[in-house]
Amino acid sequence: MTGSNPSELKSPQDIENELAAEAPPPSYYNNTSEQDAVAGASSSSSPLQPAFKSKPTNYLHLFNENSSVKGQYVIDPGMSIPTSLLPPLSPEESEADRKNLSLHSKNGSVNAEIWLLGAQDAQPFDSKKPTKRTILDIGSENGSITARVHTTHRAAPFLLNISASNGAVNVSLPRSFNGLLLLTTKHGSVSLSDTLSENCTHLSQVDLTRRYFVGDFSTLDDSDWPGDELRVEGKHGKIRIRYVEEHTSADDTSKGGLLSRLFGW
């Protein structure tokens, strides 16, 4: 054939090799992700956990003398921490009393976004069986306290203790909260959101403490309550309790001046 160039004639094997070289490599990352997503959706009905800003921890203790405490804290109650790395206990405390999270400021506010993780092998909560609660402790002598608590699937019941001598207290509870509210204030007021109030049974008001039960009241008996519990002790400031989805970044206490932010006026 006149005009043909023998160097341009290629065998079928040469053409196949060139096409293979030009084709992009398979995206193993995307394929793996898609397979994992499909497998996860088909093999587990557990909701996916959100992306956290920090890694999970346990027995975290933070104290600031003259500054605020603020952040997101992801607590895994099942995480083991070497005793040598844990803060010392007070003389009246034992290992059973150790707090999973302790946040305190003497002359500053505390603003905490708290996530409580659940154990994979945890059993559904049964008020008749003893369950180790996750213990959270928050306090400020001269500052307001804001705590927003979230729970993931199979999270254990929690006990949240809050102490505020001179400041407002704003607490947002997860919808899964089923338990007691013990709210004490000397020179302030107590308010529950309408949505939370609909799920509350008002038990009593003795001296300065108001007692409520949120959720199924039939699980309460004469024994020590092992489920969710919120205890707030305040002196000079409002106490406000609501569900976490009702929280907005433009909280009422942030609209006023210094006294408004401090005392919740």
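The values are calculated or read from the model by the stated rules, or taken from the named source; none is laboratory data. Predicted, not measured: the structure shown is a model, and the values here were computed from it. Neighbour counts are summed over all protein chains in view; Cβ atoms, including those assigned to glycine, are modelled from backbone coordinates with ideal geometry.
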Hits in region 50-80 (condition: surrounded by 12 or more Cβ atoms within 10 Å (Cβ to Cβ) and of a type in the set (Lys, Arg)): Lys70
Filtered residue count, region 74-116, keeping only those that are part of a loop (DSSP other than H, G, I, E, B), over 20 Å from Lys132 (Cα atoms) and touching a residue at least 12 places away in the same chain (Cβ under 8 Å): 5
Residues being farther than 15 Å from Val149 by Cα and under 19 Å from the mean Cα position of the chain (by Cα) - total across region 228-246: 0
Subset of region 73-94 [within 25 Å of Thr152 (Cα to Cα) and among the acidic types (Asp, Glu)]: Asp76
Residue in region 212-231 that is over 25 Å from Trp115 (Cα atoms) and of a type in the set (A, V, I, L, M) present: yes
Test set (1) within 15 Å of Ala147 (Cα to Cα); (2) at pLDDT below 50; (3) among the polar types (S, T, N, Q) - Ser260 fails condition number: (1)
Every residue from region 228-255 that is at pLDDT below 95 and closer than 17 Å to Ser176 by Cα: Glu245, Glu246, His247
In region 81-104, the residues that are among the β-branched types (Val, Ile, Thr) and surrounded by 10 or more Cβ atoms within 10 Å (Cβ to Cβ): Ile81
In region 136-158, residue surrounded by the most Cβ atoms within 10 Å (Cβ to Cβ) [restricted to those that are more than 18 Å from Gln72 (Cα to Cα) and not polar (S, T, N, Q)]: Gly143
Complete set of residues in region 201-230 that are in contact with a strand residue (DSSP E or B) (Cβ under 8 Å, 6 or more places away or on another chain), of a type outside the set (Val, Ile, Thr) and buried (at least 16 other Cβ atoms within 10 Å of the Cβ): Arg210, Tyr212, Phe213, Gly215, Leu220, Trp225, Gly227, Asp228, Glu229, Leu230
Tabulated pairs, region 51-73, first without any contact (Cβ under 8 Å) to a residue 24 or more places away in the chain and outside any strand (DSSP E or B), second of a type outside the set (A, V, I, L, M, F, W, C) and surrounded by 12 or more Cβ atoms within 10 Å (Cβ to Cβ), C-beta under 7 angstrom, 6+ apart or interchain: Lys53/Gln72; Ser54/Gln72
Selection within region 46-66 - under 14 Å from Gly78 (Cβ atoms) and either modelled with pLDDT under 95 or touching an Asp or Glu at 6+ places or on another chain (Cβ under 6 Å) (or both): Pro56, Asn58
